[in-house]
Amino acid sequence: MTGSGKSTLAGELGRILGLPVHYVDEEIGWLPGWRSRPAGEQRELALRIADEPAWVFDSVYGYYRHDVLERAELILCLDYPRFVSLGRLLLRTVRRVSTGQESCNGNRETWARVLGKDSIIRWHFSTFASRRRLMRDFEQTLGSDRVRRFASPRETRRWLASLEANRLGSNS
């Protein structure tokens, strides 16, 4: 879900498990000037990464979603209430616009972009319901052994803490 904290979770998971983390917007999706990389190139890059023995993606785009998920051992879904992901997205967007913080590949969010037709806020509203259905479909079709759907940030933090505790315990 846009704004839910996927990249933050991916970074934490990679740190805990010692796995390489791949940030899809940066490495696969967007080029400088907010140009979308062609779909075929995106798929090729994603599959090259997914062919590696271990990895964490922070997201997957529809162009290659099926191929990557097929190779994934575990799929984490942040299925938070809209007010959580939208609130996080608004805070992040305001911070990036007001500080000039780079989003990816030299791209920066601006008020014109936030208020325009390519608005990340608009994207959140137009994709929220379909993303929620998609996550729940993953859980139904792939099962709870492969899909872990979190309904709140607290639930996600607890899971990460237990994962880290188990990892530390097994290294003692």
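Laid out as a table, the results:
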{"read-out": "Per residue, in Å², the accessible surface of the chain once ligands and nucleic acids are set aside, probe 1.4 Å", "value": "58"}
{"read-out": "Cα-centre dipole for the chain with unit charges at Cβ (Lys and Arg positive, Asp and Glu negative), debye to 20", "value": "800"}
{"read-out": "Neighbour net charge for R82 - beta-carbon separation under 13 angstrom, K R +1, D E -1", "value": "+2"}
{"read-out": "Dipole magnitude (debye, nearest 20) for region 83-172, charges at Cβ of Lys, Arg, Asp, Glu", "value": "200"}
{"read-out": "Estimated FRET transfer efficiency (Q140, Q101; beta-carbon r; R0 41 Å; 0.05)", "value": "0.60"}
{"read-out": "Heavy-atom accessible surface of the chain: percent carbon and sulfur, 1.4 Å", "value": "53"}
{"read-out": "Value of relative contact order over the chain, rounded to a whole percent, pairs C-alpha under 8 Å and six or more apart", "value": "29"}
{"read-out": "Dipole-positive endmost among G3, A165, C77 within the chain (Cβ charges, Cα centre)", "value": "G3"}
{"read-out": "Volume in Å³ per residue [convex hull over Cα atoms, computed for region 38-119]", "value": "135"}
{"read-out": "Choice from A112, A50, A72 showing the highest fluctuation, given a GNM over the chain with Cα pairs closer than 10 Å", "value": "A112"}
{"read-out": "The chain - share of DSSP beta bridges that are antiparallel (%, nearest 5)", "value": "40"}
{"read-out": "The chain: DSSP helices with Cα axial extent of at least 20 Å and average Kyte-Doolittle hydropathy no lower than -1.0", "value": "82-99, 120-142"}
{"read-out": "Cα-centred dipole magnitude for region 1-55, charges only on beta-carbon of K, R (+1) and D, E (-1), debye, nearest 20", "value": "120"}
{"read-out": "Percent of alpha-carbon pairs separated by more than 12 Å within region 121-170", "value": "72"}
{"read-out": "Largest-first principal axis extents, alpha carbons of the chain, Å", "value": "51, 35, 33"}
{"read-out": "Scattering curve values for region 1-87, log₁₀ I(q)/I(0), Debye with Cα scatterers, q = 0.15 Å⁻¹", "value": "-0.58"}
{"read-out": "Most fluctuating residue given options E70, E109, E26, as computed from a GNM of the chain linking Cα atoms under 10 Å", "value": "E70"}
{"read-out": "Long-range HN-HN contacts of R149 with modeled amide H, under 5 Å", "value": "C77"}
{"read-out": "Gaussian network model of the chain, Cα within-10 Å springs - most flexible of S85, S59, S36", "value": "S36"}
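The values are calculated or read from the model by the stated rules, or taken from the named source; none is laboratory data. Bear in mind the structure is a predicted one, so any value in this text is a computation, not a measurement. As a convention, Cβ positions derive from the backbone with ideal geometry for all residues, glycine included, and neighbour counts pool all protein chains shown. Ligands, DNA and RNA are excluded from the accessible area calculation, which covers all protein heavy atoms including side chains. Shrake-Rupley method; radii C 1.70, N 1.55, O 1.52, S 1.80 Å.
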